[in-house]
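In what follows, a structure is listed as structure tokens, so that the remarks can point back to it.
Coordinate-derived values only; no laboratory data. Remember, it's a predicted structure, so these values are computed and weren't measured experimentally. Note that we place each Cβ from the backbone using ideal geometry, even for glycine, and neighbour counts take in every protein chain shown.
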Amino acid sequence: MTGPRPGFETLAIHAGQEPDPLTGAVVPPIYQVSTFAQDGVGGLRGGYEYSRSANPTRTALEECLAALEGGARALAFASGMAAEDCLLRTICQPGDHVLIPHDAYGGTYRLFDKVLAGWNVSYRPVPVSDPKAVRHALEEKPARVVWVETPTNPLLSIVDITALAELCAGAGALLVVDNTFASPYLQNPLALGADAVVHSTTKYLGGHSDVVGGAVVVADPELGERLAFLQNATGAVAGPFDAWLTMRGIRTLAVRMDRHCQNALRVADALAAHPRVTGVLYPGLPHHPGHEIAAKQMRGFGGMVSLRVRGGEAEAVAVCGRTRVFTLGESLGGVESLIEHPARMTHASVAESPLAVPGDLIRLRSALG
Ligand SMILES: Cc1ncc(COP(=O)(O)O)c(C=O)c1O
């Protein structure tokens, strides 16, 4: 695209998605193919050779994701965890140290604790919402990477990305932001100084609970090349149909996120007035400790709301089992409302760890309707 930089919705619909030059198809076709005919040995058409290395449907998704996050390069993976794994194995060496949030997504914690620790990459959970705590941790032991989520899953804490980017630049660490909960519509961490963004595209980007995927977007093209090398070497790529489904979701991301944000605020307000609720965790509420930073760095407060109930874990589990309209299930980001009990479901992998989530906590994913 030429001329002034298009708006978010235009990029979501057009970036990487020019009409197919051969047929004029207005959306990129699903190139459900493993290999590509060569015009003589090494004579590749458009650079395509074998779909693990590159596939045109995946390229379209990657170009779109790079445009939406304002990155130099995006890579699409088979899942969010595959994206995290490829990024970490690209930027870390045995002996490196990583700071992670003390309320990280359970799967991310498991990757550090049960997989990367075995390869001598150490980690330390830190309250990353507090830049002073991060500074102290970096002074005590230099880190190769500071890994954050904002808002976090499931406690909805907010991290000041600009403040941490400055700290990381001064300490020679890379700042990685898991932007799954915000989506690129609400927040662009690279513009705030982060080095890499990861997504579980399974969530808001895909948006319809029908595909699992992940992405890494980076500001530095050289880092993008190294990631592409490891992605091809290890192979956890997004398949063509999954890439196509994700792109189809992305085209309506803006309107979906606007409605998610509106509905989540109404749900949070209603819960805050409920006598059995002891706390509502939603960055859009003025009393949320991260409200001001969220208002500064996000274009909306997102669709996720967590709450704590008076009757403890037993009541939280009981509530999760008797809702109407809200379906009991893991994941988020689709069009339907979901409810879950993080301690026993999405975050069971952090039970009895320093990252364990409270038993009286319920997580809601507000729907479009
Ligand atoms: C914040 C966050 N990051 C990463 C992931 C992992 O993504 P996936 O399930 O697509 O592997 C999840 C999954 O729930 C998540 O919520």
Measure nothing fancy, just the Cα-based angle from helix 253-272's long axis to the longest principal axis of the chain, in degrees from 0 to 90, nearest 10. 10
Tell me the mean residue ellipticity at 222 nm calculated for the chain from its helices only (DSSP H runs of n ≥ 4, each -39500 (n - 2.57), averaged over every residue, nearest 500). -10000 deg cm²/dmol
Could the peptides 327-336, 167-176 be put in order, highest first, of the mean number of other beta-carbon atoms found within 10 Å of their residues? 167-176, 327-336
Within-13-Å neighbourhood charge of residue 193 [Cβ basis; K, R +1; D, E -1]: -4
Note down the magnitude of the dipole of the chain about its Cα centre, charges +1 on Lys and Arg C-beta and -1 on Asp and Glu C-beta and zero elsewhere, to the nearest 20 debye. 720
Residues whose placed amide H lies under 5 Å from that of residue 279, excluding near-sequence neighbours: 308
Which percent, to the nearest 5, of DSSP beta bridges fully inside the chain are antiparallel? 60
Straight distance only, please: which lysines reach the Cα of residue 114 with their own Cα at less than 25 Å, same-chain residues fewer than 8 apart left out? 141, 203
When Lys and Arg each count +1 and Asp and Glu each count -1, what net charge do the other residues less than 13 Å away from residue 299, Cβ to Cβ, add up to? -1
Can you list residues whose amide H is under 5 Å from residue 175's amide H, if they're 5+ apart or on another chain and H is modeled 1.01 Å from N? 146, 195, 196
I need 79, 183 ordered by Cβ neighbour count within 10 Å, fewest first. 79, 183
At R0 = 56 Å, FRET efficiency that the Cβ-Cβ distance of residue 53 and residue 313 yields, to 0.05: 0.70
Let me know the volume per residue of the alpha-carbon convex hull for the chain, in Å³. 142
Pairing the Cα long axis of helix 161-171 with the longest principal axis of the chain, what angle in degrees results, from 0 to 90 and rounded to the nearest 10? 70
The exposure ranking of 51, 200, 122, 157, fewest beta-carbon neighbours within 10 Å first, is 122, 51, 157, 200
First select every other residue whose beta carbon is under 11 angstrom from the beta carbon of residue 27; then total the charges, Lys and Arg +1, Asp and Glu -1. 0
Name the trypsin sites (Lys or Arg not before Pro) in region 1-59 that are in a loop by DSSP and that have at most 16 other C-beta atoms within 10 Å, would you? 52
Cα-based helix-to-principal-axis angle, 131-140 vs the chain, degrees rounded to 10: 70
Express in whole angstrom the spacing between the alpha-carbon centres of region 227-247 and region 300-318. 35
